[in-house]
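K.L.:
Shown below is the structure under consideration.
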2 protein chains.
Amino acid sequence: MVEAAFELFRKRGYHATAFSDVVRESGAPRGSIYFHFPGGKQQLALEAIALAGDEIEEMVEAAAERATDPGSLVRALGDIVAKRLEESGYQSGCSIATMVLELAPYDEELSAEFDAVFARWRAALVAQFEQMGVAPERAAVLAELVMSAIEGALVLSRAARGPEPFRSTVDALSAIVDHEAASPTVASQPRRRPARRPRGVERAPRSR
Amino acid sequence: MVEAAFELFRKRGYHATAFSDVVRESGAPRGSIYFHFPGGKQQLALEAIALAGDEIEEMVEAAAERATDPGSLVRALGDIVAKRLEESGYQSGCSIATMVLELAPYDEELSAEFDAVFARWRAALVAQFEQMGVAPERAAVLAELVMSAIEGALVLSRAARGPEPFRSTVDALSAIVDHEAASPTVASQPRRRPARRPRGVERAPRSR
């Protein structure tokens, strides 16, 4: 039931998904549903959002298994996300982005849950980057940039109904993360002033 | 009328905006509206989307007036977008993103219009970057990355109901664009192969 809701919210968003659509998709008997989800559509949304948090953590972990450094981690994560996007015919992007844009300004409870999903994604990326030898503040900056770029590229590729914006963004992003992990341009600098890069200091990515 | 629709679609999305809400917000007499918008809500959406294209071009132009190089252009554009986001109490992000995610998979006509807005934004950024001396292919790659990161950072900041994800992303992005414009890491390379780096930019050996 929650999985059916998760898929419908992801593709159509919140408003265009009726509680009865979820019941139909799930194939669950109608009576049991009102018993298990007395909070109706909002309760379903809360549980679907939690599922989105599990999913993104699993995706980062799967990407990390194929990666040897921060750049290849971003590439692997991009491949996982791109595959799903393409297989869905550009109908399925981020599990929660549609709901975030529809609801975040109006529903404080859901808004906190959305933010918690992004916090789990951020923490998973930061942990992987740090394990790969990136300094904590720089790992945080890169994680935020990676999340923003992937989220936005999904919006652009859904509008284009094609892989190009997403692929181009992930290619650029992974090259930049490769580069930034080794010789930072953006790490934890005060606003508007680029960080100093120690000259000639090379760092080999730590293999996990 | 189109402006009222533009604001409502931006904040609430398509499904949660009723034609009658737009009529009420606009203060236009009801009779004249059905005369001018016989296509109803979809026609309004098409005109609001065109307005979004005008707006993003104006924003890039305003940013370019304050900028001296690609990095400061990104910073200025980020400031313009951030100001609007913050003034709206995190209710107003990208003019069309909510509609893109709600509708792009289901409505081919609107989907083409969304893509046309992003194409105008892309062309405006590429033109500015090129005027600032960035090579064409590199300008295209950077424009795509900038658009993706700004779009996605708006989603994250709306979930967070705060400026942090957006500010952090734009700071990192502008530092990277500064750097990439001068010494490219990401320019027009074939997939998965980093572009040649100019002398003096150190990078750790890749372990893939």
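The values are calculated or read from the model by the stated rules, or taken from the named source; none is laboratory data. Fair warning: this is a prediction, and the values are worked out from it, not measured in the lab. Glycine also receives a Cβ, built like all others from the backbone with ideal geometry; neighbour counts cover every protein chain displayed.
K.L.:
Scanning for something charged (D, E, K, R) and touching a residue at least 24 places away in the same chain (Cβ under 8 Å), does the range A:122-134 turn up at least one residue?
P.N.:
Yes: the range A:122-134 contains one or more residues that are charged (D, E, K, R) and touching a residue at least 24 places away in the same chain (Cβ under 8 Å).
K.L.:
Got a sec? Which of B:Ile33, B:Ile80, B:Ile56 is at pLDDT below 85 and surrounded by 13 or more Cβ atoms within 10 Å (Cβ to Cβ)?
P.N.:
Only one candidate passes the filter, namely B:Ile33.
K.L.:
Right, another one. List the residue pairs whose Cβ atoms are under 7 Å apart, where the first residue sits in the range B:141-161 and is in contact (Cβ under 8 Å) with a residue 60 or more places away in the chain and within 7 Å of chain A (Cβ to nearest Cβ), the second is of a type in the set (Ser, Thr, Tyr) and outside any helix (DSSP H, G or I), and the two are 6 or more positions apart or on different chains.
P.N.:
The qualifying pairs are B:Arg158/B:Tyr90; B:Arg161/B:Tyr90.
K.L.:
Return the only residue of A:Ser88, A:Ser157 being farther than 19 Å from B:Leu85 by Cβ and buried (at least 24 other Cβ atoms within 10 Å of the Cβ).
P.N.:
When all the criteria are applied, what remains is A:Ser157.
K.L.:
How many residues are under 29 Å from B:Arg161 (Cα atoms) and without any contact (Cβ under 8 Å) to a residue 12 or more places away in the chain when one looks only at the range B:24-53?
P.N.:
The qualifying residues number 1.
K.L.:
Which of the residues spanning the range B:41-50 are touching an Asp or Glu at 6+ places or on another chain (Cβ under 7 Å) and surrounded by 18 or more Cβ atoms within 10 Å (Cβ to Cβ)?
P.N.:
B:Ile49
K.L.:
Here are B:Ala97, B:Ala127: which of them is of a type outside the set (Lys, Arg) and more than 9 Å from chain A (Cβ to nearest Cβ)?
P.N.:
B:Ala127
K.L.:
Can I ask one more? Within the range B:43-159, which helices (runs of 4 or more DSSP H) (wholly inside it) include 3 or more residues that are of a type in the set (D, E, K, R)?
P.N.:
Filter on the range B:43-159 gives B:70-87, B:108-131.
K.L.:
Still on this structure, please answer the following. For residues in the range A:1-30 being assigned to a helix (DSSP H, G or I), of a type in the set (Gly, Ala, Ser) and crowded, with 16+ Cβ neighbours inside 10 Å, which is farthest from the chain's Cα centre (by Cα)?
P.N.:
Checking each candidate, the answer is A:Ser26.
K.L.:
Quick one: count up the residues across the range B:100-124 that are more than 10 Å from chain A (Cβ to nearest Cβ) and either among the acidic types (Asp, Glu) or buried (at least 24 other Cβ atoms within 10 Å of the Cβ) (or both).
P.N.:
Total satisfying the criteria: 2.
K.L.:
A follow-up question, please. Could you please let me know if A:Ala82 is within 25 Å of A:Ala159 (Cα to Cα) and either touching a Lys or Arg at 6+ places or on another chain (Cβ under 9 Å) or within 11 Å of chain B (Cβ to nearest Cβ) (or both)?
P.N.:
yes
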